[in-house]
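The structure appears right after this line, and notes come after that.
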């Protein structure tokens, strides 16, 4: 019995050492980013699939050359990173350049919930800018989204000059993106829209839904708001050619190095 226990102990220790020594450097860049961004949900990669902590998998596809419309509707993990997201002030945005607008709905469903009811099970209430605005907002607690949004709130709440912009028009809402069949990031409780009175949205401005429309960029959201959101893992829809300047969503995989 003593020898069996000793043998098992050796195997256990060896297994731990092996797990710690796994070389992840050869894993695809998107996989490395996702594991770093979502350590509570994604654990590993087997060469074909991203492996979730609960054992479920999401097939990894590199993506590849696609038209803009194909990219927007793509579920390939690799396509998420087609357009690099750049922090800081936006200048000229090339036609179709929409960093973060490409999402893997399969991955989002497996992290946050595949139905409205499942997502709502993990929603929590945060106090949004209690001194300036005083709203109660519901967002998901998964991946620390609620904690990160509270940090955004705490910083913004120290800037009374931003008050009018900060009233939220929407957080959780199980719905599709306007004019499409894709679920909005709001469906997963990871997004917030600010005051529509001071926002610009490409479909409102062009009065159209065609992705091929030539657009003239518009924005009224102060850069300080954008910088604070980005600091805590949220990307801004004002970085998109198909701009949505009220919109921020938690996508740390696009911001980490």
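Here, each number is a calculation from the coordinates, and none is a lab measurement. Treat the numbers as computed from the prediction; the structure is a model and nothing was measured. No Cβ is skipped: glycine too gets one built from the backbone with ideal geometry, and neighbour counts run over all protein chains shown.
Listing for the model above:
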| quantity | calculated |
| --- | --- |
| Cα shape, region 82-218, gyration tensor, a/c 1.5 rule | oblate |
| Cα gyration tensor category, rounded, prolate or oblate, for region 146-211 with a/c compared to 1.5 | oblate |
| Largest-first principal axis extents of the Cα set of region 21-254 (Å) | 50, 39, 32 |
| Size-normalised alpha-carbon gyration radius of region 68-107, reference 2.2 N^0.38 Å | 1.22 |
| Burial ordering of 29, 45, fewest other beta-carbon atoms within 10 Å first | 29, 45 |
| Nearest-0.05 FRET efficiency for residue 24 and residue 116, computed from C-beta distance (R0 41 Å) | 0.70 |
| Separation between Cα centres of region 114-138 and region 45-108, rounded to whole Å | 26 |
| Per-residue Cβ neighbour rank within 10 angstrom, fewest leading, 72, 77 | 72, 77 |
| 222 nm mean residue ellipticity, helices alone, for the chain (DSSP H n ≥ 4; -39,500 (n - 2.57); rounded to 500) | -8000 deg cm²/dmol |
| Directionally averaged projected area (convex hull, Cα atoms, region 31-81), nm² | 3.6 |
| Region 41-123: radius of gyration and largest Cα-Cα distance (Dmax), Å | 15.0, 43 |
| For region 152-216 versus region 227-244, the gap between their alpha-carbon centres in whole angstrom | 10 |
| Residues 147, 110, sorted so that the one with the fewest Cβ neighbours within 10 Å comes first | 147, 110 |
